[in-house]
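In what follows, a single structure is set out as structure tokens and then discussed.
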Amino acid sequence: MLSATLLALAIQVPVIQPTRLRTVLPSRAVIFAERIPGARSVTAQLWISADPAPETYQTHGWRHLLEHLMARGDGSVDRKLEADGGFLLAETYRTATVFTAIVPKGSLDVALDALKTVSKFPELTPERIANEANVLAQESRLRSPSDRMASALWEEAYQESGLDPFGNLDTIRATTVDDLRGLYRRLFVMPGLVISVSGDIDLDLATKSAEEALSGRAPEPGETKPPKGTATVSGARKEPTVTPRAPPGPS
């Protein structure tokens with residue numbers, strides 16, 4: 001009898017952690033965590049849906065300008081990431097704004113702290129907006145003819161719904177601090193936020209850390225307090241490694 005018990009224990013199938021975990025928080029924000037064994041870096045992304053504030057001809061370029069100003073901040077995020085061997089990327093698409101922190105393996109908390117800081121509304125002045133508008137004007141000169149043609153075709157086909165994510169420079173230059181604060185309040189609502197984490201990570205710990213980064217963000221005046229409740233978790237085994245793909249039309 002003892003031998004049979006030992007044999008049964010010896011042939012038990014080990015529990016394999018899913019390669020991917022999706023968690024929907026009570027606030028309806030979503031956290032994706034993906035384990036990539038052997039990865040030497042960790043990538044953490046904050047996705048902000050554009051659905052709550054679709055661009056119009058009157059606001060064309062506000063999201064792109066806000067992305068630049070949030071990523072630039074006071075410079076502390078770049079310094080902290082670079083000190084740890086990491087860096088920050090920021091992109092504006094038609095459907096979302098994305099901030100990406102890439103750090104060496106084992107530095108997930110550094111990446112999430114960077115996203116938490118970037119997600120705050122920056123200290124703005126008319127002078128800072130004017131300076132960033134000049135940066136965008138320089139960036140505009142680097143756009144290829146094919147990029148400009150694609151933007152024109154999208155707009156011709158879909159009017160306001162097809163406006164390119166880069167924006168109109170005249171509209172950008174006329175943007176005020178209040179314009180951007182109002183845009184921020186519309187965009188940063190929990191149902192439209194996603195944090196994605198990938199690397200050689202523990203899925204449960206990474207998900208918990210990402211949730212803390214979201215919940216630790218101080219709400220702006222006018223934001224709805226996230227509801228309390230139980231998160232919904234789903235996982236899948238033996239799935240191929242897939243990182244989030246950006247929608248068409250990058251800035």
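The values are calculated or read from the model by the stated rules, or taken from the named source; none is laboratory data. A quick note: this is a predicted structure, and the numbers were derived from the prediction, not measured. All Cβ positions, even for glycine, are placed from backbone atoms using ideal geometry, and neighbour counts span all protein chains on display.
Sort out which residues of the range 136-163 are within 19 Å of L69 (Cα to Cα) and loosely packed, with under 13 Cβ neighbours inside 10 Å, and write them in order of number. Matches in the range 136-163: A137, Q138.
For the range 164-176, filtering for residues that are surrounded by 15 or more Cβ atoms within 10 Å (Cβ to Cβ) and more than 21 Å from the chain's Cα centre (by Cα) leaves 6. Restricting attention to the range 106-125 and to residues that are in contact with a strand residue (DSSP E or B) (Cβ under 6 Å, 6 or more places away or on another chain) and over 12 Å from L46 (Cα atoms), the residue that is surrounded by the most Cβ atoms within 10 Å (Cβ to Cβ) turns out to be L108.
Does the range 183-192 include one or more residues that are modelled with pLDDT of 90 or more, in contact with a strand residue (DSSP E or B) (Cβ under 6 Å, 6 or more places away or on another chain) and surrounded by 13 or more Cβ atoms within 10 Å (Cβ to Cβ)? Scanning the range 183-192, I find at least one residue that is modelled with pLDDT of 90 or more, in contact with a strand residue (DSSP E or B) (Cβ under 6 Å, 6 or more places away or on another chain) and surrounded by 13 or more Cβ atoms within 10 Å (Cβ to Cβ), so the answer is yes. Across the range 99-130, the number of residues qualifying as within 13 Å of L88 (Cα to Cα) and among the aromatic types (F, W, Y) comes to 1.
Do we have any residue at all in the range 61-73 that's at pLDDT 95 or above and exposed (fewer than 14 other Cβ atoms within 10 Å of the Cβ)? Scanning the range 61-73 turns up no residue that is at pLDDT 95 or above and exposed (fewer than 14 other Cβ atoms within 10 Å of the Cβ).
Scan the range 22-60 for residues that are over 17 Å from the mean Cα position of the chain (by Cα) and crowded, with 19+ Cβ neighbours inside 10 Å and the total you get is 4.
Looking at the range 74-124, which of the residues that are assigned to a loop (DSSP other than H, G, I, E, B) and in contact with an Asp or Glu (Cβ under 8 Å, 6 or more places away or on another chain) is nearest to L193 (Cα to Cα)? Outline the logic, then answer.
Within the range 74-124, the first condition is being assigned to a loop (DSSP other than H, G, I, E, B), and the residues that meet it are 74-75, 84-86, 93-95, 105-107, 119-124.
From what's left, in contact with an Asp or Glu (Cβ under 8 Å, 6 or more places away or on another chain): 74, 94-95, 105, 107, 121-123.
Working: D74: 23, R94: 15, T95: 12, K105: 24, S107: 22, F121: 15, P122: 18, E123: 22 Å.
Once the filter is applied, the top-ranked residue is T95.
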